[in-house]
Structure formats: structure tokens, C-alpha cells
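First up is the structure itself, then whatever we jot down about it.
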Amino acid sequence: MNKVGVIMGSKSDYPVMEEAISTLKDLNIKHEVNIVSAHRTPDKMMNYSKNASKNGIGVIIAGAGGAAHLPGMVASNTHLPVIGVPIKSRNSIDGWDSVLSILQMPSGVPVATVALDGAKNAGILAAQILSISNKEIAEKLKKFKNDLSDKVKKDDKTL
């Protein structure tokens, strides 16, 4: 089974990205977690993205705040799907700079973008991508979705 690469620009992004990691753990999906800064460690970022497939990664989740170049730069160096998580950082312009930096990619270099601080959905989307070729993950996702539905039905009865 391919694993998910979860990367972020700095340690301060970890509290947000932890939701993706937790989701992957809950679904028992192999993953690795690294700090890979597009601006402070560009060589590491290039090496990571160019070798991700060789290293057993099937999907990359990249979280970044501020200018948020990490997801797009990683996507420019790999054929793998990249999911960008815009993060509202302390130097952010209400998070819009991160959202737009990840969302507005040029033609030919797509980055699937989740909501601001939406790392949980990034974990689910990564699982959905892997489920195309992995029945075990597909079954876990079906259960997850059924549980969501059951919760809404239960909540509805309490009103």
C-alpha cells in the first residue's frame, strides 16, 4: 500500500496538520510526517517531491501558511496528487494569502485545495484517492461515511 506524505512548512503548522495525521491514523493508513520548507530548505523540498513516488508515497498533503508556496512547488516536481492545506499563520492576512496561493495554480500544475485549516478533510481526501486501488481503505471510508450519516440521524432525533 502506498503511504501518504504529510509535509508542512514549519513546526508551527503542526497543530493544524495534526488533524490530517490523526485522520490517517484512525483509518490505519501508512504515512510519514516531515517539515519541508519551500523557502528555508528548497533543496530538501525538491528532493522530497522528486523522489516521493520512489519512496512509496502515493499522495502528498502539504500544509503552508503565509505565501504558502510549498504545495504548488511540490506539485510542480511530482506526478503524484498533492492536497494543499492553507494555514492561517501568525503573519497571515486572515488566511486569504494562504488560500489564494494554493488555490490559484497555473494550468497543468493542479493542487487539490481544502478549506483554511482544513487538514482533516485533506486526510480524508488522501484516503479517498488511495481507496481507488485499495479495497481495505475503501471499506473503512464507507464505514466512516455511514457513521457520519448515523450521527446526523441521531442528532436529528434529539431535537
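Looking across segment 95-121 at every residue that is among the polar types (S, T, N, Q) and farther than 19 Å from V6 by Cα, the one that is surrounded by the fewest Cβ atoms within 10 Å (Cβ to Cβ) is identified as S107. Can you name the residue in segment 39-52 that is over 16 Å from the mean Cα position of the chain (by Cα) and in a loop (DSSP other than H, G, I, E, B) and, of all such residues, is surrounded by the fewest Cβ atoms within 10 Å (Cβ to Cβ)? Result: R40.
Residues of segment 12-30 include none that is in a loop (DSSP other than H, G, I, E, B) and farther than 16 Å from I129 by Cα. The single condition from (1) in contact with a strand residue (DSSP E or B) (Cβ under 8 Å, 6 or more places away or on another chain); (2) under 18 Å from G9 (Cα atoms) that G66 fails is (1). If you check M8 against the conditions, is it buried (at least 21 other Cβ atoms within 10 Å of the Cβ) and either in contact with a helix residue (DSSP H, G or I) (Cβ under 7 Å, 6 or more places away or on another chain) or closer than 21 Å to S98 by Cα (or both)? Taking the combined requirement at face value, the residue satisfies it. Looking for something within 23 Å of G9 (Cβ to Cβ) and either under 14 Å from the mean Cα position of the chain (by Cα) or in a loop (DSSP other than H, G, I, E, B) (or both) - is there at least one such residue anywhere in segment 147-159? Scanning segment 147-159 turns up no residue that is within 23 Å of G9 (Cβ to Cβ) and either under 14 Å from the mean Cα position of the chain (by Cα) or in a loop (DSSP other than H, G, I, E, B) (or both). Contact map, segment 66-84: first residue closer than 15 Å to N51 by Cβ and surrounded by 17 or more Cβ atoms within 10 Å (Cβ to Cβ), second residue among the polar types (S, T, N, Q) and at pLDDT 95 or above, Cβ cut-off under 7 Å, separation 6 or more or different chains; pairs are V74/S49; N77/S49; T78/S49; T78/S53; L80/S53.
The values are calculated or read from the model by the stated rules, or taken from the named source; none is laboratory data. None of the values given here were measured: they were computed from a predicted structure. When we count neighbours, we look across all protein chains shown, and the Cβ atoms used for this are built from the backbone with ideal geometry, even at glycine.
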